[in-house]
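Take a look at the structure below.
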Amino acid sequence: MKKLFILSGIVMILVACSTKSERTNLSQLQERAGMFYMVNSDKPFSGDVASYNNGRVEIEGKIENGLRVGTWTCYHANGQKKFQGDYKEGVKDGTWTYWKESGQQEGVETYKFGSLLSSEGATPSQAAADSLKKAAEVQAAPAAAPAAAAAPQKAVERRQQQPVAWEKLKGGPVKFLDGVPYTGPVVKYQKNGEKEFDGYFTEGKKTGKWNYYDKKGNLKNSKYY
């Protein structure tokens, strides 16, 4: 009976260690239009992730369907927490806390589904965002073309808006984002990271010029809606 208990304990330890080691390194992922994918995959990634610096965990968190979710933590080189907070559907939500290398609390931010509600003390949000991204290979969005001097303000804003990943949209002929008919640019990438198509939605329906690309990312054809 004693041997059975010892064997059971060993098995539980091995299972726990195995589970922890299943975390995917952030360097194996690509960020495309705000969503994370394994390199050469067109399926949004799901799983626990981490990045490492000199063998130590630097960042750890979780991704579901390509979006950051749950608690994310970043550490200083000495092992002290640098910042910690929660993501909900890819955006900050709730309380985010920041610490110095000494362990002393440096600042606190409060978010509501991506919107900053309050901030106290030193809260290096941009540094935090950079830390979360630096281990991942980021697919940069194309730069917006400069607006003509006489162009209406609405057209300028349309060009400057960042495209949403196709996979984030829901619905059939009419596409929704967060339960609302989507208006704005959209993009979809191929497994190799090249664009598959990009275009624009107005009230959930395709409008304007849509571009379609071949496997090398070269423009194949365009359609107008």
Can we say Gly121 is of a type outside the set (Ser, Thr, Tyr) and in contact (Cβ under 8 Å) with a residue 40 or more places away in the chain?
no
Residue check for Glu31: charged (D, E, K, R) and at pLDDT below 85
yes
In segment 60-80, is there at least one residue being aliphatic (A, V, I, L, M) and touching a Lys or Arg at 6+ places or on another chain (Cβ under 7 Å)?
yes
Pick from Tyr182, Tyr212: which is of a type outside the set (Val, Ile, Thr) and at pLDDT 90 or above?
Tyr212
Check on Tyr98, within 30 Å of Pro185 (Cα to Cα), part of a strand (DSSP E or B) and modelled with pLDDT of 85 or more
no
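Residues checked against (1) assigned by TED's automatic domain parsing to the domain that holds Lys168; (2) touching a residue at least 40 places away in the same chain (Cβ under 8 Å); (3) surrounded by fewer than 16 Cβ atoms within 10 Å (Cβ to Cβ):
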{"residue": "Ile59", "(1), (2), (3)": "no, yes, no"}
{"residue": "Ile63", "(1), (2), (3)": "no, no, no"}
{"residue": "His76", "(1), (2), (3)": "no, no, no"}
{"residue": "Asp93", "(1), (2), (3)": "no, no, no"}
{"residue": "Gly103", "(1), (2), (3)": "no, no, yes"}
Only one residue in Ala129, Ala148, Ala143, Ala136 is touching a helix residue (DSSP H, G or I) at 6+ places or on another chain (Cβ under 8 Å) and either modelled with pLDDT under 60 or hydroxyl-bearing (Ser, Thr, Tyr) (or both). Which one?
Ala136
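The values are calculated or read from the model by the stated rules, or taken from the named source; none is laboratory data. In this text, all values refer to a predicted model and were calculated from it rather than measured experimentally. All Cβ positions, even for glycine, are placed from backbone atoms using ideal geometry, and neighbour counts span all protein chains on display.
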